[in-house]
Amino acid sequence: MLFRSAISPSVALRRRGATLVEMAIVLPVTFFLIIGLVVGVLGVFRYQEVASLTRGAGRYASTHGAQYRKDAGLANGAAADWQADINTNAVQPALVLLDPSLLTLKVSWPDVSNQPGKPDNWPTSTVTVTITYQWVPELYLVGPYYLSSTSCVAISN
């Protein structure tokens, strides 16, 4: 046996209109929240990549100090040479989603105790690596944001 709806046609038309109005309000809000969530996830991913790059660069810098350069038969070099080496061998190969042109690497060593202005790159000293990334969210709604991470590691070699 077939059941007929007890709703009159005028009530059904009004209900359909109410459904359209509700959807006109709910759908844009829902889509905005979903897109905002995706953009936020991409920002978290980029921050995690910056933090990972910083840790990797700090590890590389701590194991490739002056003693390593001496043992490998390399010239001791200067702080700019060491920073370029860290960038070339630790940071650039590990990039996944970041744009290298928006990435800033800063590496610093404390001064030698009796020679101010000369960085100490020998074992038992420390190296501080800071990576900053300028992130503009994908929809260009806000920003840019500067994602930054710092790692301070004792030089072991």
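Readers should treat all values here as calculations from the given coordinates under stated rules, not as data from a laboratory. As the structure is a prediction and not an experimental result, all values here were calculated from the model. Cβ placement follows ideal geometry from the backbone for every residue including glycine, while neighbour counts extend to all protein chains displayed.
So here's what we get for this one:
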| read-out | value |
| --- | --- |
| Positions within segment 98-154 being β-branched (Val, Ile, Thr) and either in contact with a His (Cβ under 8 Å, 6 or more places away or on another chain) or in contact (Cβ under 8 Å) with a residue 24 or more places away in the chain (or both), in sequence order | Thr104, Val107, Thr124, Thr126, Val127, Thr128, Val129, Thr130, Ile131, Thr132, Thr150, Val153 |
| Residue that is more than 17 Å from Ser151 (Cβ to Cβ) and in contact with a helix residue (DSSP H, G or I) (Cβ under 7 Å, 6 or more places away or on another chain), where the choices are Gln134, Gln115 | Gln134 |
| Strands (runs of 3 or more DSSP E) contained entirely in segment 52-157, each with at least 2 residues that are surrounded by 14 or more Cβ atoms within 10 Å (Cβ to Cβ) | 103-108, 126-135, 145-154 |
